[in-house]
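Shown next, in structure tokens, is the structure this report addresses.
Computed from the coordinates by the stated procedures, all read-outs in this text should not be read as laboratory data. All of these numbers come straight from a predicted model, not from anything done at the bench. Virtual Cβ from ideal backbone geometry, glycine too; neighbours counted across all protein chains shown.
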Amino acid sequence: MNKKNLYLYFTGRAISITGNSIQNIAIMLFILSRGDVAKLLPLLVLTRTIPEIAILPLAGVIGDRFNRKKIMIVSDYLNGLLMVILGLTILSGNFSVLVLLIINTMHTILSIFFRASTRAMLPEIVTSDELVRANGYMRSYDNFAQVVGPVIGTILYWNFGIAIAILINSVSYILSAISEHFIVYECKETLSETLTKEDVINDINDGFKFILKSRSLKQLCLFYMLSSGLLISFITILLPIILKNTIKLSDAHITLTYTIYAVGLIMGGILLATVFSRYESKLVIRGGLVSQAITFLLLAIIIQPMVLKILKPGSMEVFVVVAGLYAAIGAIDIIWDSRIESNMQLIIPTEYRSRVMSTTQLLFGLGIPLAEGVAGLLINYIEMHDILLVWSILYTVVICLFVLSASTDVYEINQEGTLN
């Protein structure tokens, strides 16, 4: 493994992700300080979610048609320029909600192109034998950046204000782009000088056809739609209410629970790179899925009224158990999910990799809004401990069905290096 090359790649991604986190928290704090938060917050969310749905397939096409390293660099330079424009606009007193929404939408679009290209690029800068370790370290770098970013953003916002925070953030993107220039990357795909509307449509269709012809990818898409919907809705909708109202943790303990979860994510990546990369892929994926289902069930059992009579809501004991289980869920998720992603990166031919992975990412997330909507509705009528118990049982059923029915290619690469 070319460690210098890989560290440059990781550093570029980490700085960009840190910049995204700084940007998001600074703008969020700015909006919360205004009186029109109820109107602005939904609009801000839309500037992130709509581009994800609309742009991901196009970003995949661009990532397959053009030099992925150049896309990575240009995305960072343009994001840096956007932050300079936004920061100077605020300093000049010409700030408006419309400017914020437009720039945030453009920022989201550039970040999508960045992610689509870098995910497809990794197998081209490391050997196939080193890809699992590289993905483990990449997840650790990424998660560390996502933890550090909000902290830096909050400090910058409260000490220097929104404009300076955004201008400093612009420097992070530019530094990221500069570091990416030094990545040694040999572009292996056939590059395009032009790209027509027909080319885009045909390439997107080819990406979907590739998925439809692959039994393994179809199974993965269905599995992730269901499992991601249940897991993400637990994290975004159910968990905050459980921590505050069901087990009655203090604000300090709630903050510490999320911090411990973040540490779990980082440790999951490190464990994958240093320990679990040595084991057979099928064993790691199956073992990880079953372990995560058991951990989820244990968490649901812990918050049942009969158990809480023993552990006592608000106590140090219940905090330690819940935070530990939550961190374990995060660590285990990184281990098996990264192993599946490594297999996908190797199995999908480089000329299809960016568009197929972008399309699967879009399909994987389709179940999340539905699950979040159902969870948001149920919390008004059903006790939280009952909802989480149902959620954990459904999650376990989904995992068991997947483990029992998944084709061999989900776990291992066949001799031809293709996906059946």
Label corresponding to Rg and Dmax of the Cα atoms in Å when calculated from the structure given, among (1) 44.7, 183; (2) 20.7, 69; (3) 21.7, 68: (3)
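Indicate the gyration tensor shape class of the range 3-184 (rounded, prolate or oblate), computed on the Cα atoms with a ≥ b ≥ c the square roots of the eigenvalues: a/c under 1.5 is rounded; otherwise a/b larger than b/c is prolate and the rest oblate.
Details: a/c = 2.04, a/b = 1.70, b/c = 1.20.
Prolate, because a/c is 1.5 or more and a/b exceeds b/c.
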Paramagnetic reach from Asn67 (point 7 Å along Cα→Cβ, amide N under 20 Å) across the range 119-142: 119-126
Prolate/oblate/rounded call for the range 1-107, Cα gyration tensor, a/c under 1.5 rounded: prolate
In Å³ per residue, the alpha-carbon convex hull of the range 207-411 encloses 119
Along the range 112-122, Karplus-curve 3J(HN,Hα) (6.51, -1.76, 1.60; θ = phi - 60°) to the nearest Hz, with x for Gly and Pro, reads 5, 4, 4, 5, 4, 6, 5, 5, 6, 7, 3
Among Pro51, Pro42, Pro305, which one shows the highest mean-square fluctuation when the chain is modelled as a Gaussian network with alpha-carbon springs under 10 Å? Pro42
Go through Ile201, Asn169, Ile211 and say which Cα lies farthest out towards the positive end of the charge dipole of the range 159-236; charges sit on Cβ, +1 for Lys and Arg, -1 for Asp and Glu. Ile211
Tell me, what HN-Hα J-couplings in whole Hz come from the Karplus equation 6.51 cos²θ - 1.76 cosθ + 1.60 at θ = phi - 60° for each residue of the range 64-72, using x for Gly and Pro? 8, 8, 10, 5, 5, 5, 5, 4, 4
J(HN,Hα) series, the range 349-363, from Karplus relation 6.51 cos²θ - 1.76 cosθ + 1.60, nearest Hz, glycine and proline x: x, 4, 6, 10, 4, 5, 6, 5, 5, 5, 5, 5, 4, 5, 5
If the chain between Ile235 and Phe208 were fully extended at 0.36 nm per residue, the gain over the current Cα-Cα distance would be 6.7 nm
Straight-distance crosslink candidates among aspartates and glutamates, where the alpha carbon sits under 20 Å from Lys312 and sequence neighbours closer than 8 are dropped: Asp251, Glu383, Asp386
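Could you line up Leu220, Leu91, Leu58 from fewest to most neighbouring Cβ atoms inside 10 Å? Intermediate results must be reported in sequence, preceding the final value.
Values: Leu220 24, Leu91 15, Leu58 19.
Ordered from fewest to most neighbouring Cβ atoms within 10 Å, Leu220, Leu91, Leu58 come out as Leu91, Leu58, Leu220.
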For the chain, set up a GNM with springs between Cα atoms under 10 Å and report which of Gln304, Gln146, Gln361 has the largest fluctuation. Gln304
Rank Gly376, Gly365, Gly330 by mean-square fluctuation in a GNM of the chain with C-alpha springs under 10 angstrom and give only the top-ranked residue. Gly376
For the pair Ile379 and Lys3, the simple spin-label estimate (label points 7 Å beyond Cα toward Cβ) gives in nm 4.6
